[in-house]
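Asker: Let me give you the structure first, and then I'll get to my questions.
The values are calculated or read from the model by the stated rules, or taken from the named source; none is laboratory data. Predicted, not measured: the structure shown is a model, and the values here were computed from it. When we count neighbours, we look across all protein chains shown, and the Cβ atoms used for this are built from the backbone with ideal geometry, even at glycine. For accessibility, only protein heavy atoms count, side chains too; no ligands or nucleic acids. Shrake-Rupley method; radii C 1.70, N 1.55, O 1.52, S 1.80 Å.
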Amino acid sequence: MKPTRFETAIALIDKANSEDVNTYEVAGMDYPKELLYSQRMTRKLLQFEPNASKALQIAARAQHICRWKIARDEYPMDRVGYLKWRETLKKMHADLTTDILKQVGFDDQFTDRVKAIILKKLIKKNIESQTLEDTICLVFLDYYFEEFAAKHNEEKVIDILKKTWVKMSDKGHEEALKLSFSEKGMSLVKQAVA
């Protein structure tokens, strides 16, 4: 059976992300970092919002597409540099995804919707942009938080958790508190959300 446009778009996003030279180890195996991240985004999105639209599913899968192509150290290593780097990345992710969607035959209305979700337009007002943000935060908390916390002092970790919490919806908060954290991790989360 011929794959649908949606399936083809997902496959092309995965193909692009499989070229990541950076790897991440899980259970003794190395995976291309952004490919693993994108698959975790899909899994977490569908757990969090089982009825997510195709547009939202594509946006989640492509949220970090080819992220390694713009290195953090190409920008000043301060807050302004970090924010500029993040904005540049977001635009690149949206543009690469738009190209893939057009290539497989999606119309402008659909591609514009996916692009707006990736760019997180009208966050807190647009339910799909907010759901993407919640999913990003949940993926961080579920898969990357404990590792991050082990590398940084408590003050920094609590600050990052507070910033993460502010970005999330009430539904996102509920989901986050269901995740399993280490005793230390849970203690940090509780301090941050108190």
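Asker: Working carefully through the options Leu46, Leu83, Leu36, Leu89, find the one that is closer than 20 Å to Cys137 by Cβ, of a type in the set (A, V, I, L, M) and exposed (fewer than 14 other Cβ atoms within 10 Å of the Cβ). Full working, then the answer.
Answerer: Values: Leu46 fails: exposed (fewer than 14 other Cβ atoms within 10 Å of the Cβ); Leu36 fails: exposed (fewer than 14 other Cβ atoms within 10 Å of the Cβ); Leu89 fails: exposed (fewer than 14 other Cβ atoms within 10 Å of the Cβ).
Result: Leu83 is the single residue among Leu46, Leu83, Leu36, Leu89 that is closer than 20 Å to Cys137 by Cβ, of a type in the set (A, V, I, L, M) and exposed (fewer than 14 other Cβ atoms within 10 Å of the Cβ).
Asker: Please count how many residues of region 111-120 are part of a helix (DSSP H, G or I) and either touching a helix residue (DSSP H, G or I) at 6+ places or on another chain (Cβ under 6 Å) or buried (at least 18 other Cβ atoms within 10 Å of the Cβ) (or both). Spell out the reasoning first.
Answerer: The first filter runs over region 111-120 and keeps only residues part of a helix (DSSP H, G or I), leaving 111-118.
Those still in the list that are either touching a helix residue (DSSP H, G or I) at 6+ places or on another chain (Cβ under 6 Å) or buried (at least 18 other Cβ atoms within 10 Å of the Cβ) (or both) too: 111, 113-115, 117-118.
Selection size over region 111-120: 6.
Asker: Hey, another quick one. Residue under question is Lys156, and the condition is that it be more than 18 Å from Gln63 (Cα to Cα), basic (Lys, Arg) and surrounded by fewer than 13 Cβ atoms within 10 Å (Cβ to Cβ); does it hold? Give the steps one after another, and end with the answer.
Answerer: Details: more than 18 Å from Gln63 (Cα to Cα): yes; basic (Lys, Arg): yes; surrounded by fewer than 13 Cβ atoms within 10 Å (Cβ to Cβ): yes.
In short, yes.
Asker: State all residues of region 51-74 that are over 14 Å from the mean Cα position of the chain (by Cα) and open to solvent by less than 40 Å² (accessible area, probe 1.4 Å); if no residue qualifies, say none.
Answerer: Selection gives Ala52, Ser53, Ala55, Ile70, Ala71.
Asker: Further, regarding this structure: Confirm whether Glu147 is open to solvent by less than 50 Å² (accessible area, probe 1.4 Å), part of a helix (DSSP H, G or I), free of Cβ contacts under 8 Å to residues at least 60 places away in the same chain and among the charged types (D, E, K, R). Before the answer, list the steps.
Answerer: Values: open to solvent by less than 50 Å² (accessible area, probe 1.4 Å): no; part of a helix (DSSP H, G or I): yes; free of Cβ contacts under 8 Å to residues at least 60 places away in the same chain: yes; among the charged types (D, E, K, R): yes.
In short, no.
Asker: Examine region 3-14 for a residue that is among the aromatic types (Phe, Trp, Tyr), surrounded by fewer than 19 Cβ atoms within 10 Å (Cβ to Cβ) and in a helix (DSSP H, G or I), and state whether such a residue exists. Let's see the steps before the verdict.
Answerer: Of all residues in region 3-14, those among the aromatic types (Phe, Trp, Tyr) come to 6.
In the following step, the residues that additionally are surrounded by fewer than 19 Cβ atoms within 10 Å (Cβ to Cβ) were identified as 6.
Then drop every residue that is not in a helix (DSSP H, G or I), which leaves 6.
Yes, some residue in region 3-14 is among the aromatic types (Phe, Trp, Tyr), surrounded by fewer than 19 Cβ atoms within 10 Å (Cβ to Cβ) and in a helix (DSSP H, G or I).
Asker: Give me the pairs: first residue in region 113-129 and without any contact (Cβ under 8 Å) to a residue 60 or more places away in the chain and within 14 Å of His64 (Cα to Cα), second residue of a type in the set (S, T, N, Q) and surrounded by 21 or more Cβ atoms within 10 Å (Cβ to Cβ), beta-carbon distance under 8 Å, and six or more apart or on different chains, which are they?
Answerer: Val114/Thr97; Lys115/Thr97; Ile118/Gln63; Ile118/Thr97
Asker: Could I ask something else about it? Hey, among the residues in region 163-193 that are assigned to a loop (DSSP other than H, G, I, E, B) and touching a residue at least 24 places away in the same chain (Cβ under 8 Å), which one's least open to solvent (accessible area, probe 1.4 Å)?
Answerer: First pass over region 163-193, keeping only residues assigned to a loop (DSSP other than H, G, I, E, B): 168-169, 177-182.
Of the ones still in play, those that are also touching a residue at least 24 places away in the same chain (Cβ under 8 Å) are 168-169, 179, 181-182.
On the way: Met168: 6, Ser169: 29, Leu179: 27, Phe181: 36, Ser182: 47 Å².
Across region 163-193, the extreme among qualifying residues is Met168.
To keep it simple, each residue is scored yes or no on (1) at pLDDT below 95; (2) among the hydrophobic types (A, V, I, L, M, F, W, C).
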position: Val80; (1), (2): yes, yes
position: Leu83; (1), (2): yes, yes
position: Arg86; (1), (2): yes, no
position: Asp99; (1), (2): no, no
position: Val104; (1), (2): no, yes
position: Ile123; (1), (2): yes, yes
position: Asp134; (1), (2): no, no
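Asker: Restricting attention to region 43-80, which residues are free of Cβ contacts under 8 Å to residues at least 60 places away in the same chain, outside any helix (DSSP H, G or I) and in contact with a helix residue (DSSP H, G or I) (Cβ under 9 Å, 6 or more places away or on another chain)?
Answerer: Scanning region 43-80 gives Ala62, His64, Ile65, Cys66, Ile70, Ala71, Tyr75, Pro76.
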